[in-house]
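Down below is the structure, laid out as structure tokens.
The values are calculated or read from the model by the stated rules, or taken from the named source; none is laboratory data. Computed from a prediction, not measured in an experiment: that's the story for all the values here. Don't worry about glycine lacking a Cβ; one is built from the backbone with ideal geometry, like all the others, and counts go over all protein chains shown. SASA here: full protein model, heavy atoms, side chains in, ligands and nucleic acids out. Shrake-Rupley method; radii C 1.70, N 1.55, O 1.52, S 1.80 Å.
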Amino acid sequence: MLRRGSEGKKPLKEKVLLLYDAIFKGEDVALENPNFWDEFFLLKVNADYLEKKFEAVTVKELVHYKEDLNLFFCKCSEYILSDHLIRMINATQTLICLFRVVLSHDNGDQSFETIDFLFGFNSADMQMQLLLRALTAILTNNPLTPVMDEDEDDERNYPPILKSLVFQLLLSIISGCDSINENPLLEYVMVEAEQIEDALIEILADPVERSRHGTDVLLTLTLLVNYCKYESMNPYIMKLSVLDNELALNGLASVISSCLSSFNRQFVSKQEETKSSGLFSTITNMVGSMFIGDSDEQKQLIKSNEAVLLALYEAVHLNRNFISVLTHSHPDTLIGTPPVTPKAGDGAGKLSTPNTPTADSTLYVGSTNNVLCTFIEYTSVIMQDTKVKQNVSSAKLCFLILTCITEDQFANSFLHDDNMIFHIQLHRMPMRHRKLSSGDDARSRPLACWLFDLCSEFLLTHMMKDFPFMQHMRCIGIIHRLMCYQKKFHIRLQYHWKGLWTALLTFAKFVLSNESSFIARWKNGVFVLLTQVVNLFNMFITFGDTFLPSPTSYDELYYEIVRMSQLFDTLHSIGEITSHNARVCFQLLSMYDVIICSHALHQPRRVQRLFNEVKQCPGQHTRDHPSLSPQD
């Protein structure tokens, strides 16, 4: 039809391409045909042609198209409010393309030029206000223009495809620049914050709309919350921090849980395929080529889930009400389009769509779970291979989220609740020197036990030359927060503490064996890290009677300390060598409880000398035990 194979004849252009050329020639296209725009927006959009047309155009050359762009933008905004669905869809798709084209040009610090190119600087406020209100009206099914047909509902249901395009348009506006803080259009989005956020919350609260657009809502809300987060007052942060709509909060948790569960299922499926593929896969697994992150598909999944993790972090960090929904169960189901039913009392048999899901509209894809269990399982996968760039930022976010959760007293209350027990499948890194144990993995336990297991696994599997220092700091900090809560409220967790002690001691031994290289890179940070480990053992010795489950646990603790007495000798030697630095010396000598315990059985003279040294070192730890004698 386009005669591409005909020799000596030009291939025919689509009609819409000819109209694009006419619009950008500066001609008054509606002069000869008053119905030009009505007919134009009935034609299918060719976004590739528009983008290629402006791709090679410089900013200076773009000035020549300014008036045409202003007119084009104005007409697109006008037809978004049209009563004709095809015109609305085509106008929205065209706007997406226009925003991408203009925002892709680097205007430097001249952000007002971007606004001027799109809709003219003088009319920018009014144009963006009308556009954003039209988009929120579509999302909430509330048309701005009055309905002329009396037989129609007061509330109009726009189709999902139009709402998906609206979210694409919003995301094109929000993410048009590499740095969200440099986007000049977001100031207009801030002005309309109340209407936009109400629309997003309404979608999260609706199970049907959430199943269709939940991920888009999550991404939009997360980006808006991070605009000028520390430079100015962000209305989206204020709104999210005081949100108490339980349906919306549960909806947000459900979307997060669904995204992370999908990744977990794909990872398990990939692992099962690897196990069943024979000897070759076993060999490649041993040398590390089957770790998470080597697959391009998995890399893309990890990258796409970074927005989900950021949304979870913002919700946990900003909204204390969200903590209460972390353990609410969410079925891993996708709610499809509800069945169309006739309207009651309508002889013509008009069709309407109910807002509540039915059994026919639900597609089963998994089991029931809660967002915290899903997130812990997801973290166990992501933290495995921190050499992959995509995993580094995701693992950092995961540990920051766990830090926020363990800092909250209410969250700690259900983390340690014996009546709230769960089974979580922790995925462990394949290593040549150990077999994957499945002992405790089959039992349901309080969530705090799973967090201890997760942190122990990270410490044991990330002893490497490319040392993830900050991640280890956060990991030990999570353990410390859990133990502080147990000490404060005398909670005796039925946990196999020996595994945690072994992980901490093995980790400290590795740090000491690579002391010189780590000090060259991290300076005194290495001493801070070792001090955190020592503080944990000080807590076990001093306050273990308040949270250890039995006297046998104390015996096992002292056995581990005595067994690793050489490690504590080395720690003490470091404290003596670095005595010129008073702060480091004081922190390392704060472990005298541990050292005394490890040598009391076979080196009494050394204990005497060490005790004298400790008493001469002024500070908090010597004042804590003023009545302690060498015999004690």
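Return the carbon/sulfur percentage of the accessible area of segment 389-538, one whole number, probe 1.4 Å, all protein chains in place.
54
How much area per residue is accessible in segment 35-129 when the probe is 1.4 Å and only protein heavy atoms are counted (Å²)?
Values: 4780 Å² over 95 residues.
Dividing the accessible area of segment 35-129 by its residue count gives 50 Å².
Could you list, in their original order, any pairs among K44/K163; K229/K396; K303/K396; K13/K66 whose Cα atoms are separated by more than 21 Å?
Working: K44/K163 18 Å; K229/K396 19 Å; K303/K396 13 Å; K13/K66 25 Å.
With Cα atoms farther than 21 Å apart: K13/K66.
Rounded to the nearest whole Å², what accessible area per residue is found for segment 233-278 with the 1.4 Å probe?
Working: 2210 Å² over 46 residues.
Per-residue value: 48 Å².
Could you state the accessible area per residue of segment 423-534 in Å², with a 1.4 Å probe and every protein chain left in place? Show your work: numbers first, answer last.
Working: 4930 Å² over 112 residues.
That works out to 44 Å² for each residue.
Based on the alpha carbons, how large is the Rg to Rh ratio for segment 484-583 when Rh follows Kirkwood?
Numbers: Rg = 15.0 Å, Rh = 14.8 Å.
Dividing the radius of gyration by the Kirkwood radius yields 1.02.
For a quick protection proxy, order the peptides 88-100, 505-517, 181-193 by their average other-Cβ count within 10 Å, most packed first.
On the way: 88-100: 22.2, 505-517: 15.8, 181-193: 17.4.
Order by mean packing, descending: 88-100, 181-193, 505-517.
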